[in-house]
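*Asks:* One structure follows; several queries about it will come next.
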Amino acid sequence: MFLFKGSISVSHLSIYAILVLIWAATPLAIVWSVQEIDPLWILMIRYIGASILAYALLRIFRNPLPLDHRSLMSYVAGSLNLIGAQFFIYLAARYLTSGLMALLFGLSPLISGLIGHFVLKNQRLVSIQWFGMLMAVFGLIVVFADQTGNHVQPIGIGLILISIISYVSSIFWVKHIAAPLTPMSQATGSLLVSALASLLLLPSIYQHVPQHFPESKTLLGLAFTILCSSIIAMLCYFWLIRELKPVTISLSNVITPIIALSLGAILNHEQLNLSVLVGVIMIMTGIIFYLRQGPNKAY
């Protein structure tokens, strides 16, 4: 399969599969968690809770938490995929369904390719890849042509695209720094940086402090994002960064939309009209055309 050229072991595939499943369920968990509480409060609670739990696990397993300059830079780089990317996702949760958020994140390999082509200049995109990108863009236009629903709004597209850029940049930056950190140390350090950064939100959200104890669905969504999305997924993510190419890692977001769309329809009763289905087919076809060239060796 062209997604995994090269030496890929069973452990690589297993960890990759866990990451895909968690990331497929995360958009729905986010949508559930912000139903009763301000999204930025949920974001802050998530990262403070996750950082405390990750640090406790770090101490239990006696993993180090290096504080040299290189390690600190790697923590900051990793936080771009945490507080950096998630800040915009939580804001977008009010404008898009969970399935559509995952669908948009499926464009990560395309964004990754554009960064490699125009910014890093270590990848040359060929005609079939440009065609795939163009088809994916037209698919997005079809998906969001009908804006009559409250959960299909253009502002959501912009927020998710900013989040994708932050996510892809994090992969490249962590890979470039190449700090000799264990996945647990990298994840914990990045979560601690994210928790500290989330405290900067307090002046703008203190007036929206939760006034009541949330219902079980909100708590379930929050618990999932703390334990699975912020800790288990990040351990898998940072382990895979050391083992695989950045573009290969971003390919996980090609698989998640179908799972996420199914979860949204089954568990959250999210309706998918004909224009959305046609657009999804166009986007996925465009990404397949783009990937037919395979991940660039420069990565």
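The values are calculated or read from the model by the stated rules, or taken from the named source; none is laboratory data. None of these values were measured; they are calculated from a predicted model. Note that we place each Cβ from the backbone using ideal geometry, even for glycine, and neighbour counts take in every protein chain shown. With ligands, DNA and RNA removed, areas are computed over all heavy atoms of the protein, side chains included. Shrake-Rupley method; radii C 1.70, N 1.55, O 1.52, S 1.80 Å.
*Asks:* I need a count of the residues in region 75-121 that are polar (S, T, N, Q) and within 21 Å of LEU200 (Cβ to Cβ).
*Replies:* 3
*Asks:* Let me ask something else about it. Grab the helices (runs of 4 or more DSSP H) fully contained in region 64-180, keeping just those with 2 or more residues being within 22 Å of ALA265 (Cβ to Cβ).
*Replies:* Ranges flagged: 85-92, 98-105, 127-143, 154-177.
*Asks:* Taking the condition of being surrounded by fewer than 22 Cβ atoms within 10 Å (Cβ to Cβ), under 12 Å from THR188 (Cα atoms) and touching a helix residue (DSSP H, G or I) at 6+ places or on another chain (Cβ under 9 Å), how many residues in region 33-66 meet it?
*Replies:* Residues meeting the conditions: 11.
*Asks:* Working carefully through the options ARG59, ARG46, find the one that is free of Cβ contacts under 8 Å to residues at least 60 places away in the same chain, charged (D, E, K, R) and part of a helix (DSSP H, G or I).
*Replies:* After applying the criteria, what remains is ARG59.
*Asks:* Just one of the numbered conditions (1) open to solvent by 20 Å² or more (accessible area, probe 1.4 Å); (2) closer than 25 Å to THR256 by Cα; (3) modelled with pLDDT of 90 or more is not true of ALA24; which one?
*Replies:* Tallying (1) open to solvent by 20 Å² or more (accessible area, probe 1.4 Å); (2) closer than 25 Å to THR256 by Cα; (3) modelled with pLDDT of 90 or more, ALA24 fails exactly one: (1).
*Asks:* Ok, one more. Would it be correct to say that SER79 is buried (at least 21 other Cβ atoms within 10 Å of the Cβ) and out of contact with any His (no Cβ under 8 Å at 6 or more places or on another chain)?
*Replies:* Taking the combined requirement at face value, the residue satisfies it.
*Asks:* If we scan region 206-217, do we find a residue that is in a helix (DSSP H, G or I), at pLDDT below 95 and open to solvent by less than 30 Å² (accessible area, probe 1.4 Å)?
*Replies:* no
*Asks:* Next question, about the same structure. Can you list residue pairs whose Cβ atoms sit under 9 Å apart, with the first residue in region 91-104 being surrounded by 24 or more Cβ atoms within 10 Å (Cβ to Cβ) and the second being at pLDDT below 85 and acidic (Asp, Glu)? Count only pairs 6 or more apart in sequence or on different chains.
*Replies:* Short answer, once both residue conditions are applied: THR97/GLU270; SER98/GLU270; GLY99/GLU270; LEU100/GLU270.
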